[in-house]
1. When a/c reaches 1.5 or more, the comparison of a/b and b/c decides; with that in mind, is the stretch 29-122 rounded, prolate or oblate per its Cα gyration tensor?
2. What accessible area, in Å² to the nearest ten, does a 1.4 Å probe give for residue 78?
3. At 37 °C and 0.692 mPa s, grab the translational diffusion coefficient of the stretch 31-84 from Stokes-Einstein with a Kirkwood Rh over Cα pairs, rounded to a whole number in µm² per second.
4. Quick one: if the Förster radius is 30 Å, what FRET efficiency do residue 122 and residue 226 give, using the C-beta to C-beta distance and rounding to 0.05?
5. How far is it, in nm, from the label point at residue 156 to the one at residue 182 when both lie 7 Å from their Cα along the line to the Cβ?
6. For residue 39, what accessible area in Å² do you get when you roll a 1.4 Å probe over the heavy atoms of the protein chains, rounding to the nearest 10?
7. Order the following by accessible area, largest value first: 158, 220. Probe radius 1.4 Å; ligands, DNA and RNA are ignored.
8. Over the stretch 125-237, what number does the Rg to Rh ratio reach, with both radii from the alpha-carbon atoms and Rh per Kirkwood?
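The values are calculated or read from the model by the stated rules, or taken from the named source; none is laboratory data. The structure presented is a predicted model; accordingly, all values stated were derived computationally and were not measured. Here Cβ is always computed from backbone atoms with ideal geometry, including for glycine, and neighbour counts include all displayed protein chains. Side chains are part of the model used for accessible areas, which takes the heavy atoms of the whole protein and leaves out ligands, DNA and RNA. Shrake-Rupley method; radii C 1.70, N 1.55, O 1.52, S 1.80 Å.
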Amino acid sequence: MKSKIFILSVLVVTVFVSNLSQAANKLEKNLVLYLSFDELDGKKVEDHSIHGNHGEVSGKPTLVDGKFGKALKLNGKTDWVTIAHDDSLCVSKAVTVMAWINAESHKGGGTAQWAGILAKSNNPRSYSFYTTTDGGGALHFSSMGGSTSNKPVELKKWQHVVAQMTEKKAHRYYINGESAGEFAGKGALPGKVDTAEVFVGKTHEGNREFVGIIDEVRIWNRELSEKEVKEQMEAGRLKLLGVDPQQKLAST
């Protein structure tokens, strides 16, 4: 009887470890930041990527219902998240940034015509991603050159927004999984020369704070395909990860 119980225990542990391994394999090293905003630990915002690039809240943003789970509501003035510099956040070949946003204004709470979704540095600019009043409320991406999407972002409505610097040094946009423009002729990414922190909800220029709700912020140091963009758009934390790599606990 004891031998049967022992064998059963070994099988259970083996299956559990296998599930952990499979979930961890979904978290490729190229995913360098993933903030779900499902919860706050005081001022700490947990990064679900394997790199542990946790953020710190400034101001008093509130947790509200998000696209998946909870999300962070920012006032456009004093609320944002800061992620300390780490070499894993640097990009040298390509980059993909994305988030679900529910913006109240294209220009945010400041007087500038842009509102920062997320950004790393001002000079050199690895990746700065904004909404803007240009183009009837388009997206703006600044990554060794600037460009503006050819489609607008709707206000007071959940929108999935993506910007990329491709390996061919072009900017590419997606809004709600659909192409929103591609613009060639950009410069080479700075790599580890850029030692600035990453902001969510503002940019390094100041006066460009985001007003509205931000959810599911993800950054890759590679170019995602259109299929991958759509898969990421439709996946919340539990569907994407299965297991939280920081806590190593099964989600079911």
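1. Oblate, because a/c is 1.5 or more while a/b does not exceed b/c.
2. Accessible area of residue 78: about 80 Å².
3. Once the numbers are plugged in, D ends up at 289 µm²/s.
4. 0.50
5. It works out to 3.6 nm between the two label points.
6. Accessible area, nearest 10 Å²: 110 Å².
7. If we order 158, 220 from most to least accessible, we get 158, 220.
8. We get a ratio of 0.93 for the stretch 125-237.
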